[in-house]
Amino acid sequence: MMDTKHLTETDVHDLFIAHYSKLVHYAAKFVSQEQAKDLVQDVFLQLLKKCGTLTIAGKLEHYVYKAIKNKYLDYVKSQNVHGKYVDQILRLNLDELSYYDPSNHQSLLLNEDEAALFQALESLPDKCREILISKFIYGKKTIQISEEFNISPRTVETHVYKGMKQLKLALRNVSMLFNFLL
């Protein structure tokens with residue numbers, strides 16, 4: 001018969017202190033070192049939320065290794081779904097961004113609207129703006145940008161998504177004015 005025990009904050013704290021490095025090393029077999037740290041941190045946060053309600057059969061350390069593996073599998077599944085969604089959004093946003101590109105001689109923007117576009121770009125956070133420029137102006141792939149900025153591909157996609165969302169919001173007034181003038 002296995003020994004069962006209610007999980008306490010002390011248990012989680014002691015495991016974190018004693019095994020954090022080893023758990024990150026284990027997770028790094030599946031993902032990058034930075035992602036491994038995030039993955040292990042997520043597992044520990046979940047454990048802390050379950051303190052007092054979760055009963056562990058066997059060693060807590062074994063439970064955590066299994067939780068890390070399961071968290072990784074969930075991550076892979078979400079990346080597949082997220083990747084398809086991001087690809088679709090980026091294709092749509094690339095067309096939209098190229099429409100507002102002042103070097104595009106077919107652009108229908110007025111001079112004031114071009115200034116609004118550049119003002120909107122300048123209002124983005126530095127890293128977000130640099131990532132958008134790398135992606136859409138220089139045509140770099142997500143993996144290239146992640147290596148260049150030393151961040152995960154998921155973080156690159158998040159910056160692109162948020163940046164495009166901010167640009168779209170900032171340029172909404174520009175397109176309304178343009179439609180009114182037509």
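None of the figures in this text is laboratory data; all of them are computed from the coordinates on show. Keep in mind that this is a model prediction, so the values were computed, not measured. Cβ: placed from backbone, ideal geometry, glycine included. Neighbour counts: every protein chain shown.
Remarks
- Placing dummy labels 7 Å off each Cα toward the beta-carbon, the span from Ser123 to His13 is 4.6 nm.
- Applied to region 32-42, the Karplus parametrisation 6.51 cos²θ - 1.76 cosθ + 1.60 on θ = phi - 60° returns per-residue 3J(HN,Hα) values of 5, 4, 5, 5, 4, 4, 4, 4, 5, 4, 4 Hz, with x for Gly and Pro.
- Approximating the spin labels as points 7 Å out from Cα along Cα→Cβ, the Ile133-to-Ser32 distance works out to 2.1 nm.
- The spread of Cα positions in region 118-169, taken along each principal axis and listed from longest to shortest, comes to 28, 19, 15 Å.
- Residue list for region 13-44, given a label point 7 angstrom along the Cα-to-Cβ vector of Asn150 and an amide N cut-off under 13 Å: 34
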